[in-house]
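The values are calculated or read from the model by the stated rules, or taken from the named source; none is laboratory data. None of the values given here were measured: they were computed from a predicted structure. Using ideal geometry, Cβ is built from the backbone for each residue, glycine included, and neighbour counts are taken over all protein chains shown.
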Amino acid sequence: MNIKAEEQLMVTVWNRCKKHFRNNPTSKRPHSWEQADDDALRDLDEYFHGSSYRFAMLLALTQKHAKKNAKDLDAGAGHGALALGLKESGYDAFASDLHKGLAVFDAEGIPYYEWHLEAQAAPFADNSFDVVILSQTIEHFTYSPLHPLKEIIRILRPGGIMIIDAPNITCFHNISRLLRGKSLHWNFKKHYLTQVPEIANGIPYYDRHNHEYSREDLQDIGDFFNLEIKDLAYYSSCNRQKRGTISIFIAQIRDVIKHWRKGIYAIYRLPIDGKPSK
């Protein structure tokens, strides 16, 4: 997939986003990221450059499957870069996440809604969006993704598109760790043994990967909800700012085996003549 233009757009967008991540006392929705020090900003920057291909890929997929000016929701918008990229690409972009929001959404004119996908109903009417993107979010769900997916389908218009991307549980990194006797999960002590959960609607939720996804899992989502799967594929994303030429070349050789790639995505289309039966 040739997405150089989309990658350049995402870098430009990210540089705008970063300006809102330090000392924003006037923000109506303050967040700890907005008080980021130099070390935290470096971490954010490294995260972005490790994900820039993924963001650009999602832009390209949206452009392929949705018309310009379509109403798009980035559900689980995090730092706001993808939502701003969608807006700059000509879409009517909205954003939601479980926190109070960031100054970037106010500054860039992106409507933001606080929505805890697992604990709450979506704060939108039926048939509100042409596209809903769930990017690197579904793997964080503590419990079944059934409720969030039902809500996404509810707020999509007939013929609308749902895009899900997630870490690929069969990737080479995971296989390598298992072969070396290591866990493929996050740090056990910090994220499983001693983590204090967030309580929402009286139910505990944990910030970690609780279920990484395979091709079969994403196929099952389409089958369960009777959705048309327009595309289902693996992809790779690496931090080209940090990795050297040899390292990138080795990764490209490894990626010849598709199911060893880092991520996986699926694009689902709702029936044009009505909602799915489930």
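Listed values, structure above:
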item: Every residue from region 97-125 that is small (Gly, Ala, Ser) and under 20 Å from Ile203 (Cβ atoms); result: Ala119, Ala121, Ala122
item: Within region 132-191, tally of residues that are of a type in the set (Ser, Thr, Tyr) and touching a residue at least 24 places away in the same chain (Cβ under 8 Å); result: 5
item: Candidates Gly222, Gly160, filtered to the one that is closer than 27 Å to Pro271 by Cα and either modelled with pLDDT under 95 or part of a helix (DSSP H, G or I) (or both); result: Gly222
item: Lone unmet requirement of (1) loosely packed, with under 15 Cβ neighbours inside 10 Å; (2) in contact with a Ser or Thr (Cβ under 6 Å, 6 or more places away or on another chain) for Ile155; result: (1)
item: From the options His140, His191, residue that is out of contact with any strand residue (DSSP E or B) (no Cβ under 9 Å at 6 or more places or on another chain) and under 28 Å from Tyr53 (Cα atoms); result: His191
item: Segments classed as strands (runs of 3 or more DSSP E), wholly inside region 44-156, with at least 3 members that are over 12 Å from the mean Cα position of the chain (by Cα) and not β-branched (Val, Ile, Thr); result: 92-97, 112-114
item: Any chance Lys189 is at pLDDT 90 or above, of a type outside the set (Ser, Thr, Tyr), over 24 Å from Lys262 (Cα atoms) and not in a strand (DSSP E or B); result: yes
